[in-house]
Each structure stands twice: as structure tokens, then as C-alpha cells.
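Here is the structure we will look at.
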Amino acid sequence: NNGSEGSFEYVTNGNNTTRTTLIKNQLIKAYKGSVDSDIINKDKMEYRHILDANYHVDIKNAIISLCRDIRKDCFFWCDTGFRNSPEDALDWRKNSFNIYTTYAGIYTQDLTYYDAYTGKDIRVTVPYILASKIPTIASSYGLQYPIAGTKRGLIDGFKTLCWTPNESYKKRLYGKKINYIEQDTRRTKIGSQLTADDT
């Protein structure tokens, strides 16, 4: 009560650019091991998955470096952020995140869910859904099974999906190693589970 968030203090009716930048820089430091060096120590911190939360591309790059270059034992479930169209997602991949690695999977699109606690509609990217699907699939089937398709990739409970790619865009997204959600009259599902590897 009546506490302070220090440097991360939210400014009511003001410009929060400084706050956003400070948070971004602190997250980059954290994923580089500068805040707590245990994050890069495999013996002290055992984790296999890092899920994106619509992070800035600089934070995504720090996570890629942690997974691919430092630890080499964990996987980054990356999102493309909020994109207006499949073309926008492809442009983002080409111009902002042109990284290819087996240590990450890239997911596009976002969904809107109603939050009963706040009474608000909240937009979330695919890693939000994966946060519950990964442990469920792992405990029921094993991690070797893909979290995609009509058996393990079904999505429900959302209000809207931002956009659905047509067949032409599905091929282009697949070619750029971007996983997508597809929708028909009966169901909505994660359509693929590719890593961001280009081989």
C-alpha cells in the first residue's frame, strides 16, 4: 500500500517511454546473466523452456543468445509480437528478426481473451497458449510430440483471432519458419511446429 515501483514507476497520464526502456534494459541484462549469474549455470538453474511475452526484439535477441550460445540446453518459444497481417509477420521476420536456429520456434498471430478478473479483453500472443499446452502435452504424451494439429494443437476459449493466413501465406510463413494458427468453421488449431532452423 502506497509503495513505490522505483525506477519502474508508472506515470499516470504521462509519457512512460523511460519506464519501458528501463524495463527492457533490465530484462536484457537478466537474460545475459548480469542480474543473476545463476541463469547461465546449468547446474544451478535447470530449465528447458523460455516463453516470449511480446518482448521487444532486443530482449528476444538476448534470449536467443542465452539458449543458442551460452546454455545450449533450452528452447525459446518466440512470438512475432502483434502483427497486422501475414505480410507484416513476414516483413518483421525479414527485417527485424532474421535469426535461424534450432534453439527457437517462432509463432505469429495473437488472440483476444476475456479476463473475468479485470472485466477486460486482453490480447495475447501464442506463447501464452503454449504455457499451458507444453506441460499438458509433455505429461500426457511426451515432449517429442508436436504441439500442433487437430489432436494436440487445438485452441479454444478465445474471443477473436487477429487474422488467418490463406494457403498462399501458409506456404510463405512455412518457408520462413514461422508457425501459424489456422481456422475453419469447426476448429482453430496451431498449424505447424517448426524450429527457426533453415536447414
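May I ask you to list the aspartates and glutamates whose Cα is less than 19 Å away from that of K170, ignoring any residue fewer than eight positions away on the same chain? Excluding near neighbours in sequence, the set is D79, E87, D88, D91, D110, E182, D184, D197, D198. Of the trypsin sites (Lys or Arg not before Pro) in segment 29-110, the ones in a loop by DSSP (not H, G, I, E or B) with at most 10 other beta carbons within 10 Å are K44, K72. Taking GluC sites (Glu not before Pro) in DSSP loop states with no more than 14 other Cβ atoms inside 10 Å as exposed sites, the chain has its longest site-free stretch at 47-199. Extension gain for the segment E87 to N61, taken as residue separation times 0.36 nm less the Cα-Cα distance, is 7.2 nm to one decimal. Is segment 1-112 rounded, prolate or oblate when judged by the Cα gyration tensor, a ≥ b ≥ c being the square roots of its eigenvalues, rounded requiring a/c under 1.5 and prolate requiring a/b larger than b/c? Here segment 1-112 falls in the oblate category. Excluding residues on the same chain fewer than 8 positions from K151, give the lysines whose Cα lies under 19 Å from its Cα. In chain and number order, the partners are K133, K189.
Hey, which lysines would be in cross-link range of K24, C-alpha to C-alpha under 24 Å, not counting anything within fewer than 8 residues on its own chain? Qualifying lysines at Cα under 24 Å: K32, K60, K72, K94. Using 0.36 nm per residue and subtracting the Cα-Cα separation, the extra length available between K44 and L161 on full extension is 38.2 nm. Helical runs (DSSP H, four residues minimum) scored at -39500 (n - 2.57) apiece and divided by the length of the chain put the mean residue ellipticity at 222 nm at -9000 deg cm²/dmol. Take the Cα of K29, step 7 Å toward its Cβ, do the same at N15, and the gap between the two points is 2.3 nm. Loop only per DSSP, at most 16 neighbouring Cβ atoms within 10 Å: give me the chymotrypsin sites (Phe, Trp or Tyr not before Pro) in segment 40-149, ordered by residue number. Passing both the DSSP loop test and the Cβ count: Y47, F82, Y100, Y117, Y141. Measuring nothing but alpha carbons in the chain and taking Rh as the Kirkwood radius, the Rg to Rh ratio lands at 0.98.
Each reported figure results from applying straightforward, stated rules to the coordinates on display, with no laboratory input. Owing to the predicted nature of the structure, the values given are computational and were not obtained by experimental measurement. When we count neighbours, we look across all protein chains shown, and the Cβ atoms used for this are built from the backbone with ideal geometry, even at glycine.
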